[in-house]
Amino acid sequence: MHKNPWQVISSKLVYDNKWISLTEYDVINPGGGKGIYGKVHFKNRAIGIVVLDDDLNTYLVGQYRFTLDQYTWEIPEGGGSFEEDPIETAKRELLEETGIRADRWEKLLDFHLSNSVSDEYGQVFLARGLHFGEAEPEETESLAVKKIPFEEAYQMVLKGEITDSLAVAGILRTKLLLQESSII
């Protein structure tokens, strides 16, 4: 219902690989001025999984994030093709990163992760009814998995110790669900 106030004069592909592309646009902005705008296009959907066992423990994944140049704790997450069912992506990523399989799945969120510079789209799921096995990380992943009370993960978000957007949004949404169901 809203008309696009941006006018694209031209565009050029600056960078492209199998995960992302970067396009630079020459534009006329909503105020009428000329300028440029860069857009990172993500070729896969971002998927996050909040894992919750019967005792209200959750499982976090620790890893060194190249882009941030720091170690982070976050929920199990990864990417999957837009052609793949997001639940199948979530199941694969959970097994790959933690060795956990889940019987019950619930979608928690759909959202855009950083819509000022990218079109990255993500979904977060809640996994329950857990079965444990061996993790199968990819070559690019050196992961640690830790089991903690869900409330501790929630406090980590509030203290700024967990900053990953999928993890923050998923943990906060799960906290609301737990409060609504009076589990905690």
What FRET efficiency would be calculated for the residue pair TRP6, THR140, taking the C-beta separation as r and a Förster radius of 41 Å, to the nearest 0.05?
-> 0.70
Sorted by Cβ density within 10 Å, fewest first, the residues GLU96, GLU134 = GLU134, GLU96
Selected from ASP69, ASP53, ASP164 as most flexible by GNM, with the chain as the system and alpha-carbon contacts under 10 Å | ASP69
By the scheme Lys and Arg +1, Asp and Glu -1, what is the net charge of all other residues having a beta-carbon under 14 Å from that of TYR15?
-> +2
If you add up the charges near LEU68, with Lys and Arg at +1 and Asp and Glu at -1, over every other residue whose beta carbon is less than 13 angstrom from its beta carbon, what do you get?
-> -2
Neighbour net charge for GLY48 - beta-carbon separation under 9 angstrom, K R +1, D E -1 = -4
So for THR67, THR163, fewest C-beta neighbours within 10 Å to most, what's the order?
-> THR67, THR163
Which order do the peptides 9-20, 150-161 take when ranked by the mean count of other beta-carbon atoms within 10 Å per residue, highest first?
-> 150-161, 9-20
Could you list the square roots of 5 times each eigenvalue of the Cα gyration tensor of the stretch 1-58, that is, the equivalent ellipsoid semi-axes, sorted largest first and rounded to whole Å?
-> 38, 18, 8
Relative to the present Cα-Cα distance, how much length would full extension add between PHE132 and SER182 at 0.36 nm per residue of separation?
-> 15.3 nm
Partners for LYS91 among lysines (Cα-Cα distance below 27 Å; same-chain residues under 8 apart left out) = LYS18, LYS43, LYS107, LYS146, LYS147, LYS175
Mind checking which of ALA46, ALA127, ALA144 has the largest fluctuation in a GNM of the chain, springs on alpha carbons under 10 Å?
-> ALA144
More than 28 angstrom apart: percent of Cα pairs within the chain | 32 percent
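Rule-based calculations on the coordinates, nothing more; no lab input. None of these values were measured; they are calculated from a predicted model. Reconstructed Cβ throughout: ideal geometry from the backbone, glycine too, with neighbour counts over all protein chains shown.
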